[in-house]
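First up is the structure itself, then whatever we jot down about it.
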Amino acid sequence: MLVHDAARPFVSPRLIQSVLESALRLGAVIPALPVKDTLKVVQQNRVVKTLDRDSIVAIQTPQGFRIDLLKKAFLTVDRRRSKLTDDAAVAEAAGFKVSIVEGDPLNFKVTTPGDFEQARQFIKK
């Protein structure tokens, strides 16, 4: 089963195939891209920690799951008590291992005015 948000309209057939095949084999898979920026933890407008970007990835959709695993995860986890931002977080909270596959930089999220302009330029090409 694939879970995809409409905010990523440029998902490629290659990425869909990669996620689907890996999910069938591994159970739970998400596409990921390396993080290029330095990331900081901030509290009350002050930096309290710099994160090691070598251990951080940016996640995309579609996320892939064996349907039995995802159903069990949603039945197991009380989502009201957690800040779970995607289906993979629900699977993680339920104790399932989530693997990654290589994401696609062109599978960008379109949510801000700048993103919409980037999408317009992408479509023109």
Original post:
So Val11 fits all but one of (1) in contact (Cβ under 8 Å) with a residue 40 or more places away in the chain; (2) surrounded by fewer than 17 Cβ atoms within 10 Å (Cβ to Cβ); (3) over 17 Å from Ala89 (Cβ atoms); what number is the exception?
Top reply: (2)
Subject >> Candidate set from region 109-125 (those that are part of a loop (DSSP other than H, G, I, E, B) and without any contact (Cβ under 8 Å) to a residue 40 or more places away in the chain); member that is nearest to the chain's Cα centre (by Cα) >> reply: Thr112
Subject >> Top-ranked residue in region 15-66 [being surrounded by fewer than 11 Cβ atoms within 10 Å (Cβ to Cβ) and in contact (Cβ under 8 Å) with a residue 12 or more places away in the chain; ranked as farthest from the chain's Cα centre (by Cα)] >> reply: Thr50
**OP:** Please state which one of Leu106, Leu84 is assigned to a loop (DSSP other than H, G, I, E, B), under 26 Å from Arg25 (Cα atoms), free of Cβ contacts under 8 Å to residues at least 12 places away in the same chain and within 18 Å of the chain's Cα centre (by Cα).
**Re:** Leu84
Original post:
Hey, among the residues in region 79-125 that are out of contact with any Phe, Trp or Tyr (no Cβ under 9 Å at 6 or more places or on another chain) and of a type in the set (S, T, N, Q), which one's modelled with the lowest pLDDT?
Top reply: Ser82
**OP:** Those residues that are in contact with a strand residue (DSSP E or B) (Cβ under 7 Å, 6 or more places away or on another chain) and of a type in the set (Gly, Ala, Ser), I need them from region 73-125; list them, please.
**Re:** Ala88, Ala91, Ser99, Gly103
Subject >> Criterion (part of a helix (DSSP H, G or I) and either among the aliphatic types (A, V, I, L, M) or in contact with a helix residue (DSSP H, G or I) (Cβ under 6 Å, 6 or more places away or on another chain) (or both)) met by exactly one of Val90, Val47, Val101 >> reply: Val90
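The values are calculated or read from the model by the stated rules, or taken from the named source; none is laboratory data. Since we're looking at a predicted model, the values are computed, not measured. Please note: Cβ atoms are built from the backbone with ideal geometry, for glycine as well, and neighbour counts cover all protein chains shown.
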